[in-house]
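Each remark here refers to the structure printed beneath this line.
The values are calculated or read from the model by the stated rules, or taken from the named source; none is laboratory data. As the structure is a computational prediction, the values presented were derived from the model and not from experiment. Heads up, the Cβs are rebuilt from the backbone with ideal geometry, glycines too, and the neighbour counts pull from every protein chain shown.
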Amino acid sequence: MTRTALLLALGIVVAFPLSLLAGRVWIDPFHPTIANAPAILFELRLPRACLALVVGAGLGGAGAAMQGYLRNPLADPGLFGIAPGGALGAVLALLAGAATVWAVPVAALIGAGGAMALLALIAGRSAGVALFTLAGMMIASLAGALTSLAISLAPNPFALSEIVTWLMGALSDRSWRDVWTAAPPTLLGLFVLRRSGRDLDAMTLGEEAARSLGVRPGRLQAKMIAGTGLAVGAGVAVAGIIGFVGLMVPHLVRGLTDRRPSQLIVPSALGGALLVLVADSLCRIVPLAGGELRLGIALSLLGAPFFLVLLLRLRRGLA
Amino acid sequence: MSLSVHGAGVADRLAHADLELRPGELTAICGPNGAGKSTLLAVLAGLLAPGEGKARLDGRDMRSLPAQERAQAIGYLPQSREVAWNIDVATLASLGRLPWRSSANDDAAAVLAALRALDLDDLALRPVSRLSGGELARALLARVLAGTPRWVLADEPLAALDLAHQAALIAHFRALANQGLGIVAVLHDLTLAMNATDRVIVLERGAIVADGPPGEVLTAARLRETWGIEAEWVRGAAGLGLVVCQTSA
């Protein structure tokens with residue numbers, strides 16, 4: 001694991017400075033001819049790159065933990081109601097007019113927290129994985145329906161456009177404030193998930209064997225809900241819905257590890273950080289009339305075919 | 001060192017059970033489908049709480065025993081052969097070390113010993129997807145042994161194995177019992193139970209109806225009453241063979 005993690009960390013070290021230079025305005029580090037280059041670097045691109053790392057790490061790490069918990073390589077942290085819950089909170093804040101800059105992220109965190117609480121309430125008693133999955137999907141679809149309802153009630157086209165744009169997920173025009181909002185909960189969430197590594201390893205053998213190895217299912221479930229809730233909820237709060245990272249990254253990284261869930265969490269967090277950083281930089285430089293490609297859309301365009309290939313490979317494996 | 005259940009009742013699956021297991025013995029739990037065998041095993045493993053009664057490990061109530069301590073003492077091999085990720089055999093066996101927070105060296109030594117005991121040295125680096133059914137069964141047992149338990153409780157460990165692998169696995173169980181471990185296995189094969197175990201516990205509709213040495217327990221009368229079959233034991237050079245004549249009406 002350490003070798004894989006080092007490799008990915010090295011990738012971030014290389015990609016990070018490059019991402020600061022890339023964009024609509026290219027900055028030549030040796031001949032900075034642009035007058036406001038420091039402002040572009042330190043006030044726009046540096047926080048944006050940091051935010052990409054934070055959001056990507058949260059999604060990647062949560063994806064790895066969730067796949068380990070559910071013993072399913074197709075699990076994505078977005079499926080279990082936490083991201084849709086956060087999105088619902090943000091949409092309601094936007095609908096209400098979002099008077100301050102804090103309103104949207106705080107409302108999104110409250111929404112994600114609400115989804116977590118609901119998930120714990122419904123799935124908690126049995127502490128089983130099947131009920132957890134069904135409850136999560138129910139919450140996701142409920143939050144999705146309520147979000148659609150809120151959008152349909154938008155008072156004017158401007159509010160509608162603002163909401164829809166936010167939902168697409170992006171890191172453009174973000175500031176240090178967003179970094180400070182997202183980083184602490186994400187890191188705390190990843191810490192909780194990594195601490196559950198031994199229990200997730202035991203889950204490899206099924207729930208019954210895991211219990212015989214000393215795993216307490218109720219505790220593990222609570223840690224999963226809290227960890228993914230914090231890591232994913234914080235990302236949604238500042239960047240909107242960014243899909244497929246939590247699904248793709250653990251897959252790409254798993255082959256480089258010994259495939260134990262515990263050994264996958266940190267490399268997946270690093271891989272997610274790298275993926276979102278690179279994808280966001282590419283979004284900036286892709287020439288697109290009328291603005292830049294939205295990160296959420298770009299990753300979904302990348303992720304859907306990836307998911308299809310994965311399904312085909314799984315089907316071949318089963319046949 | 002003891003593992004016991006007294007007056008255990010679990011809903012409608014296990015009405016009543018009173019038994020005490022002894023180390024160094026290979027015990028079979030037998031009975032028709034739905035008799036409560038797996039339930040009894042799960043109660044003994046501390047995974048199911050007995051309703052009225054008590055499950056005890058070395059005289060201590062299993063309910064108040066910390067999960068980690070219980071996991072160190074009792075190795076449980078579930079019926080499901082699930083291994084969710086395509087890990088290699090050595091990594092699989094190392095999962096048995098999870099209840100111990102021991103040094104990496106101790107863990108490696110225990111895993112190596114478990115792999116050796118089951119003749120898996122050569123397969124240590126092979127991923128589980130490339131194991132045969134018999135190899136996987138051994139690898140899963142190696143996982144249990146790597147935890148150096150004092151008790152091994154196995155739920156139908158021989159299911160889906162061919163005759164040679166069944167005999168080999170039973171031989172492994174026997175060797176473990178000779179080393180002083182207490183082994184309990186749910187078995188459907190009454191011939192194996194008769195020839196290879198020290199003690200047979202027969203369950204019928206959630207209650208223990210017979211408990212003792214196999215020769216005294218698995219009588220023709222017992223087979224008729226509990227399984228509803230007319231059968232007789234025939235002595236051969238290697239032991240007793242069961243000939244089933246017909247199912248009784």
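If the condition is being touching a residue at least 24 places away in the same chain (Cβ under 8 Å) and outside any helix (DSSP H, G or I), then segment A:54-78 contributes A:71, A:73, A:74, A:75, A:76. In the set (1) assigned to a helix (DSSP H, G or I); (2) more than 23 Å from the chain's Cα centre (by Cα); (3) surrounded by 11 or more Cβ atoms within 10 Å (Cβ to Cβ), the condition left unmet by residue A:3 is number (3).
Every listed requirement among (1) closer than 20 Å to residue A:159 by Cβ; (2) buried (at least 16 other Cβ atoms within 10 Å of the Cβ); (3) modelled with pLDDT of 80 or more is met by residue A:76 save one, (1). Name the one entry in B:180, B:147 that is in contact (Cβ under 8 Å) with a residue 60 or more places away in the chain, among the small types (Gly, Ala, Ser), over 21 Å from residue B:132 (Cβ atoms) and surrounded by fewer than 21 Cβ atoms within 10 Å (Cβ to Cβ). Within the list B:180, B:147, the selection yields B:180.
Looking only at segment A:174-191, which residues are surrounded by 15 or more Cβ atoms within 10 Å (Cβ to Cβ), of a type in the set (D, E, K, R) and part of a helix (DSSP H, G or I)? Result: A:178, single match. Checked against the criteria, residue B:77 does not count as surrounded by 23 or more Cβ atoms within 10 Å (Cβ to Cβ), over 18 Å from residue A:263 (Cβ atoms) and out of contact with any helix residue (DSSP H, G or I) (no Cβ under 9 Å at 6 or more places or on another chain).
Could you look through segment B:101-128, keep only residues that are assigned to a loop (DSSP other than H, G, I, E, B) and surrounded by 20 or more Cβ atoms within 10 Å (Cβ to Cβ), and pick out the one that is farthest from the chain's Cα centre (by Cα)?
Among them, the one singled out is B:120.
Of the numbered criteria (1) more than 8 Å from chain A (Cβ to nearest Cβ); (2) more than 30 Å from residue A:253 (Cα to Cα); (3) in contact with an Asp or Glu (Cβ under 8 Å, 6 or more places away or on another chain), the one residue B:18 fails is (3). When only residues in segment A:191-200 that are over 26 Å from residue B:74 (Cα atoms) and among the aliphatic types (A, V, I, L, M) count, which is farthest from the other protein chains (Cβ to nearest Cβ)? So, considering only residues that are over 26 Å from residue B:74 (Cα atoms) and among the aliphatic types (A, V, I, L, M), the one farthest from the other protein chains (Cβ to nearest Cβ) is A:192.
Considering only residues that are outside any helix (DSSP H, G or I) and of a type outside the set (A, V, I, L, M, F, W, C), which ones fall in segment A:86-121?
A:97, A:100
Only one of the numbered conditions (1) over 20 Å from residue A:73 (Cβ atoms); (2) free of Cβ contacts under 8 Å to residues at least 60 places away in the same chain is not met by residue B:79, and that is (2). All of A:108, A:49 fail the test of being touching a Phe, Trp or Tyr at 6+ places or on another chain (Cβ under 7 Å), crowded, with 20+ Cβ neighbours inside 10 Å and at pLDDT 85 or above, apart from A:49. I'd like to know if segment A:162-180 contains one or more residues that are away from chain B (no Cβ under 14 Å), in contact (Cβ under 8 Å) with a residue 60 or more places away in the chain and farther than 22 Å from residue A:97 by Cα. For segment A:162-180, residues away from chain B (no Cβ under 14 Å), in contact (Cβ under 8 Å) with a residue 60 or more places away in the chain and farther than 22 Å from residue A:97 by Cα: present.
Applying the condition of being within 30 Å of residue A:254 (Cβ to Cβ) and β-branched (Val, Ile, Thr) to segment B:43-97 and asking which residue is farthest from the other protein chains (Cβ to nearest Cβ) yields B:89.
Each row is one residue, and each column tells you yes or no for (1) more than 17 Å from the chain's Cα centre (by Cα); (2) away from chain B (no Cβ under 14 Å); (3) touching a residue at least 12 places away in the same chain (Cβ under 8 Å).
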{"position": "A:202", "(1), (2), (3)": "yes, no, yes"}
{"position": "A:210", "(1), (2), (3)": "yes, no, no"}
{"position": "A:217", "(1), (2), (3)": "yes, no, yes"}
{"position": "A:222", "(1), (2), (3)": "yes, yes, yes"}
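Consider segment A:229-272 and keep the residues that are touching a residue at least 24 places away in the same chain (Cβ under 8 Å), small (Gly, Ala, Ser) and within 14 Å of chain B (Cβ to nearest Cβ). The one that is surrounded by the fewest Cβ atoms within 10 Å (Cβ to Cβ) is A:262. Taking each residue of segment B:100-113 that is within 19 Å of residue A:199 (Cβ to Cβ) and looking for partners that are surrounded by 12 or more Cβ atoms within 10 Å (Cβ to Cβ) and of a type outside the set (S, T, N, Q) with beta-carbon atoms closer than 6 Å, six or more apart or interchain, yields B:107/B:97. Filtering segment B:122-143 for residues that are within 11 Å of another protein chain (Cβ to nearest Cβ), under 14 Å from residue B:89 (Cβ atoms) and touching a Pro at 6+ places or on another chain (Cβ under 9 Å) leaves a non-empty set. Using the structure shown, decide if residue B:203 is touching a helix residue (DSSP H, G or I) at 6+ places or on another chain (Cβ under 8 Å), surrounded by 18 or more Cβ atoms within 10 Å (Cβ to Cβ), at pLDDT below 95 and not assigned by TED's automatic domain parsing to the domain that holds residue B:235. Criteria met by residue B:203.
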